[in-house]
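Presented below is the structure to which this report refers.
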Amino acid sequence: MVIREFGPPEVMRLEEVPTPAPGPGEVLIEVHAVSVNRTLDLAVRAGAYPAPVTLPHVLGVDPSGVIVAVGPGVETRHVGQRVVTRQIIRPPTATAGPTMLGVHTWGGYAEYVKVPVDATHPVPDSLDFVTATVVARHAPTALSMLRDAARLAAGEWVLVMGAAGGLGAAGVQSAKFLGASVIAAAGADERVRAAIELGADAGINYRRQDLTAEALRITAGRGVDVVFENIADAELFPRAFASLARNGRLVTAGAHGGGTVPLDVKSLYLKGLTVLGSVGRITADDLTFTLRAAAEGRHRVLIDRVLPLAEAVLAHRLVAERSGTGKIVLQPRAD
């Protein structure tokens with residue numbers, strides 16, 4: 001699905017292009033699944049992403065599939081191996097940010113994608129590619145945000161915003177793994193129910209309930225220790241922030257709700273609060289752990305629907321409508 005101009009979903013067009021050839025240190029992956037992401041797909045396609053994107057372009061930051069060719073010097077992967085990919089294919093430098101698959105290079109909305117071998121990670125044989133893609137995209141990030149950035153401790157309360165989205169659903173389960181009590185907040189009753197089924201202890205529909213008041217009620221007036229935020233909505237952010245207890249921490253990685261929000265600075269310093277921006281650290285150990293947990297049924301993903309790659313235009317419309325529960329995943333070929 002090639003983009004030759006920025007604009008609405010219809011700028012994505014199915015084209016036949018030469019199959020990439022892996023260079024030194026690269027592998028070629030036959031793509032079996034790639035997810036649709038609001039910021040890194042919809043915003044990039046619309047021309048609204050803050051970093052420059054070179055046209056023509058192919059989206060897709062998290063493809064998974066089977067290695068069909070390896071470039072010179074590749075010894076750690078082999079043809080036939082099942083892998084997921086990491087979004088960051090080259091780390092930031094002193095003068096530039098990280099290089100991201102599907103943003104700065106052609107991504108996985110394609111039958112084949114080439115990536116540096118170091119950006120791949122093996123998938124357990126028992127795990128399907130749709131689940132593997134969503135796990136690799138969100139679970140290590142959520143775990144790192146809560147464990148490493150927010151330093152969530154066992155016995156603490158955490159409020160997870162957007163709890164039925166890809167990152168939010170991973171946040172609910174990561175928080176429970178770390179021993180916390182979880183309030184799942186989402187914008188529809190069915191999404192709240194879905195997050196509770198993932199293990200959340202309580203839920204709030206922030207479109208029809210008072211988010212702050214409900215969080216305080218659930219915690220017996222104390223407030224939550226951590227807010228896991230990935231929306232940055234001008235109305236919701238201050239309400240989530242106001243639910244924090246003394247010495248609470250808000251950790252955020254996402255801005256699809258707008259990104260510019262009010263901040264109650266008086267509460268910030270009087271209550272000793274902390275606001276943390278984090279995209280998490282995706283390590284090989286965390287990828288191994290979360291993929292194995294999914295393969296063993298201990299980590300679940302919410303999938304709204306799986307569509308053929310040729311229906312990417314429809315997929316983008318559905319994500320923009322916010323009408324579903326869970327991720328939309330594209331498949332260039334059916335497994």
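The values are calculated or read from the model by the stated rules, or taken from the named source; none is laboratory data. Just so it is clear, the structure is predicted and the values come from calculations on it, not from any experiment. Note: ideal-geometry Cβ built from the backbone for every residue, glycine included; neighbour counts use all protein chains shown.
List of remarks:
- Selection of region 101-118 for residues being of a type in the set (A, V, I, L, M) and surrounded by 21 or more Cβ atoms within 10 Å (Cβ to Cβ) yields LEU101, VAL103, ALA110, VAL113, VAL115.
- Among the candidates GLY73, GLY80, GLY97, the residue that is out of contact with any strand residue (DSSP E or B) (no Cβ under 8 Å at 6 or more places or on another chain) and farther than 28 Å from HIS256 by Cα is uniquely GLY73.
- Residue match in region 128-143 (condition: surrounded by fewer than 24 Cβ atoms within 10 Å (Cβ to Cβ) and among the small types (Gly, Ala, Ser)): no
- Verdict on ASP41 being under 14 Å from HIS256 (Cα atoms), of a type in the set (Asp, Glu) and surrounded by 15 or more Cβ atoms within 10 Å (Cβ to Cβ): yes
- Region 56-91, residues that are acidic (Asp, Glu) and without any contact (Cβ under 8 Å) to a residue 24 or more places away in the chain: GLU75
- The condition of being touching a Phe, Trp or Tyr at 6+ places or on another chain (Cβ under 8 Å) and either within 17 Å of THR19 (Cβ to Cβ) or not charged (D, E, K, R) (or both) holds for only one of VAL84, VAL103, VAL115, VAL79, that being VAL103.
- Candidate set: region 208-229, residues that are in contact with a helix residue (DSSP H, G or I) (Cβ under 9 Å, 6 or more places away or on another chain) and of a type in the set (D, E, K, R); chosen: the one surrounded by the most Cβ atoms within 10 Å (Cβ to Cβ): GLU229
- Residue within region 58-65 that is among the aliphatic types (A, V, I, L, M), assigned to a loop (DSSP other than H, G, I, E, B) and modelled with pLDDT under 95 present: no
- Taken as a whole, region 92-111 holds at least one residue that is over 21 Å from the mean Cα position of the chain (by Cα) and either in contact (Cβ under 8 Å) with a residue 60 or more places away in the chain or under 27 Å from ARG298 (Cβ atoms) (or both).
- Within region 142-188, the set of residues being in contact with a Lys or Arg (Cβ under 8 Å, 6 or more places away or on another chain), within 18 Å of ASP304 (Cβ to Cβ) and not small (Gly, Ala, Ser) comprises just one member, GLN173.
- Residues being in a loop (DSSP other than H, G, I, E, B) and under 25 Å from PRO140 (Cβ atoms) - total across region 81-105: 12
- Region 139-159, residues that are under 14 Å from the mean Cα position of the chain (by Cα) and either of a type in the set (Val, Ile, Thr) or modelled with pLDDT under 95 (or both): THR141
- Matching residues in region 26-57 - criterion: being of a type in the set (Ser, Thr, Tyr) and assigned to a loop (DSSP other than H, G, I, E, B): TYR49, THR54
- Test: residue in region 288-298 that is under 14 Å from THR133 (Cα atoms), hydrophobic (A, V, I, L, M, F, W, C) and touching a strand residue (DSSP E or B) at 6+ places or on another chain (Cβ under 8 Å): yes
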